[in-house]
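The values are calculated or read from the model by the stated rules, or taken from the named source; none is laboratory data. Nothing here was measured: the structure is a model prediction, and the numbers come from that model. Here the Cβ positions follow ideal geometry from the backbone for every residue, glycine too, while neighbour counts run over all protein chains shown.
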Amino acid sequence: MTELREIIKNAAKEAFDIDIEPELTRPEEQFGDYSTNVAMQLVGKLANPPAGGPREIADQLVAQFKSLSIAKTEVAGPGFINFWLTDQALAGLLDAKPTQKLTGKKTIVEYSDPNPLKPLHAGHLYTTIVGESIANLLKQVGSEVIRINYGGDVGLHVGKSMWAIIQNLGGELPEKLNQVHAADRPKWLGERYVEGNNAYEDDEAKREQIIDVNKRVYQLHEQNDHDSAFAKIYWTTRDWSYKYFEELYKELKVHHFDRVIPESEITALGMQIVKNQLSKGVYKESNGAVIFEGEKYGLHTRVFITSNGLPTYEAKDVGLLLTKWQDYHFDRSIVITANEQKDYMEVMLKSVELFEPEPAKRSMHLIHGIVKLAGGVKMSSRKGNIVGALDILEAADEASKKQYEKFDRNITLGAVKYAFLKHRIGADIIFDPVESVSLQGNSGPYLQYALVRAKSILQKSKVARSTSSGPESQKSKVEEFEAGERSLARKISEYPETVEKAVNELMPHHVATYLYELAQTFNRFYETNRVVGDPREAIRLKLVQSYANVLKNGLELLNIPAPEKM
């Protein structure tokens, strides 16, 4: 693709003395291997465009093309140029890799972000899976990637949970925590949060008690208190939460986070910065609180410090952003959250832009929709009708056990991850456990089985076993592909461009969609083209090997296990 783009650029320069970056797309197979609208791009740049418009420009460009890689060109429609590569050139793309376009760049990817002392729900599972894939994609094209996990170990939700925990224990009695069995702790903490939230919303007297408990949590951090009974309850249950999070990450087989940043670590910095900028006019006082007036920037007003003197999420995120900037001086920082945080993140970033423009402008907020179960059940940790992250995995486990004779957790992981990643980030997702584990249709297990099938073909071939240079030596010997071979080779060659598109848009679903289409293309090829024992076995084995390599690499980018057998 890079070579073809240079050919078009050179032709435009020679014919019209114009420097241009041509756009290349992949048309449907009957219309060529590549297509460009460069003639339409050029017509607006010419002082005296030809009477024939873009189509005449296209004809002049085609006359300038000089390359042994191009077998055929065609001017179509108002001036599109379609290209067919030679089979030798197409064969040369079978092992192409994505360009290392981000080499030397440093990218922070912040994802997962569960809050201690609060239920870990399906939304956290989604951000973990998507964030892991985005981090993999960025690393694939050369970026240094720093994986960060940020969570609220202080804040009103902690106050609600701590109040309910103390009520449940019958007082500040940390020794009673020993009565909660280790396996029951995540559920037990989730129940306490629901109790605390309901008390806060329904009972004014209890609300005041919770507000006081919330202040005490901030104070124990300020005083570095680990010894009081209140502190022992807090630190013990906080540790329970972090161990539960680690259990999830172990189940998901995600990379180790480079850094876990709790809110308590950056709260003081956020408060200090907001107060400093208050005196400089970025923020202002209002009824005892500190706010940012966003209306003048097309946004809305948000509170950064409450009238009780406590920081909101906004103030803490100021501290988080500038901590990341000071510690890493990133080229880009990507934060992945639910869409309900969109407005407040916009206000926070705009406020920081007024006094620290560089980190604010280099920050990007990706939002996702709501995760629902088939049937329309919405997750809501406040009301208690949530589905936990591990509950999703267990539901897929149960569906998998009914679908397959032998249970394999790798199938569950592939099913859940693919079910999330095949959707464009931003839309709501309805998770159907039965559909997710099916071997039919657009599913993770379908792709896993497609890879196993390809490996089986390679293992059966005597050509592949008898010589290490057999299939590999065929790249230079391809004189002409048969129709089915060419279709498969063409689809394999799209992989680097697909990865680059997914990176450019930060959308892993492009890779998921491509892998599904690739597997379908291979199945059509295999139905009509015998591999083992065919006179064209060596060439076809090369195709199968390249297909298997691409499918395996793509699954790894999505962090989907690639099993040897199914």
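Could you list, in sequence order, all residues of region 308-347 that are touching a residue at least 40 places away in the same chain (Cβ under 8 Å), closer than 23 Å to residue 146 by Cβ and of a type in the set (A, V, I, L, M, F, W, C)? Scanning region 308-347 gives 318, 320, 321, 322, 330, 334, 335, 336, 338. If the condition is being under 22 Å from residue 566 (Cα atoms), in contact with a Lys or Arg (Cβ under 9 Å, 6 or more places away or on another chain) and surrounded by 16 or more Cβ atoms within 10 Å (Cβ to Cβ), then region 411-437 contributes 413, 437.
Results for (1) modelled with pLDDT of 95 or more; (2) among the aromatic types (Phe, Trp, Tyr); (3) outside any helix (DSSP H, G or I), shown as yes or no for each residue.
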{"residue": "118", "(1), (2), (3)": "no, no, yes"}
{"residue": "124", "(1), (2), (3)": "no, no, no"}
{"residue": "127", "(1), (2), (3)": "yes, no, no"}
{"residue": "130", "(1), (2), (3)": "yes, no, no"}
{"residue": "137", "(1), (2), (3)": "yes, no, no"}
{"residue": "142", "(1), (2), (3)": "yes, no, yes"}
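Taking the listed residues 518, 541, the one that is out of contact with any strand residue (DSSP E or B) (no Cβ under 6 Å at 6 or more places or on another chain), closer than 28 Å to residue 425 by Cβ, not assigned by TED's automatic domain parsing to the domain that holds residue 129 and not in a loop (DSSP other than H, G, I, E, B) is 518, with no other qualifying.
The residues of region 58-99 that are under 36 Å from the mean Cα position of the chain (by Cα) and in a helix (DSSP H, G or I), listed by number, are 87, 88, 89, 90, 91. Within this structure, residue 103 fails the test of being without any contact (Cβ under 8 Å) to a residue 60 or more places away in the chain and more than 30 Å from residue 259 (Cβ to Cβ). Scan region 149-178 and report the pairs whose first residue is of a type in the set (Phe, Trp, Tyr) and whose second residue is part of a loop (DSSP other than H, G, I, E, B), with Cβ atoms within less than 8 Å and a gap of 6+ or a chain change. Going by the 8 Å Cβ cut-off, the qualifying pairs are 150/113.
Quick check on residue 54: is it in the same structural domain as residue 338 (by TED's automatic domain parsing) and crowded, with 21+ Cβ neighbours inside 10 Å? No: the conditions fail for residue 54. Scanning region 88-110 for residues that are over 30 Å from residue 540 (Cβ atoms) and either exposed (fewer than 15 other Cβ atoms within 10 Å of the Cβ) or of a type outside the set (Asp, Glu) (or both) yields 100, 101, 102, 103, 104, 105, 106, 107, 108, 109. Within region 375-384, can one find any residue that is among the aliphatic types (A, V, I, L, M), modelled with pLDDT under 80 and touching a helix residue (DSSP H, G or I) at 6+ places or on another chain (Cβ under 8 Å)? Looking for residues that are among the aliphatic types (A, V, I, L, M), modelled with pLDDT under 80 and touching a helix residue (DSSP H, G or I) at 6+ places or on another chain (Cβ under 8 Å), one finds at least one in region 375-384, hence yes. The single condition among (1) crowded, with 23+ Cβ neighbours inside 10 Å; (2) in contact with a Phe, Trp or Tyr (Cβ under 8 Å, 6 or more places away or on another chain); (3) assigned to a helix (DSSP H, G or I) that residue 560 does not satisfy is (3). Listed by first and then second residue, the pairs with beta-carbon distance under 9 Å, at least 6 apart or on different chains, first residue in region 450-476 and modelled with pLDDT under 80, second loosely packed, with under 12 Cβ neighbours inside 10 Å, are 462/533; 465/459.
The residue of region 324-341 that is farthest from the chain's Cα centre (by Cα), among those that are among the hydrophobic types (A, V, I, L, M, F, W, C) and either at pLDDT 95 or above or surrounded by 19 or more Cβ atoms within 10 Å (Cβ to Cβ) (or both), is 325.
Within region 411-430, being under 17 Å from the mean Cα position of the chain (by Cα), touching a residue at least 40 places away in the same chain (Cβ under 8 Å) and outside any loop (DSSP other than H, G, I, E, B) holds for 413, 414, 416, 417, 418, 420, 421, 429. Among the residues of region 13-57, the ones that are within 38 Å of the chain's Cα centre (by Cα) and assigned to a helix (DSSP H, G or I) come to 8 in all. When 199, 164, 183 are checked against the criterion of being of a type in the set (A, V, I, L, M) and at pLDDT below 95, 183 stands alone in meeting it. So, residue 24, is that one touching a residue at least 12 places away in the same chain (Cβ under 8 Å), more than 21 Å from residue 94 (Cβ to Cβ) and either in contact with a Pro (Cβ under 7 Å, 6 or more places away or on another chain) or in the same structural domain as residue 67 (by TED's automatic domain parsing) (or both) or not? No; evaluated as a whole, the condition is false for this residue. Looking across 154, 130, 194, 158, one residue alone is farther than 30 Å from residue 224 by Cα and either buried (at least 24 other Cβ atoms within 10 Å of the Cβ) or in the same structural domain as residue 217 (by TED's automatic domain parsing) (or both). It is 130.
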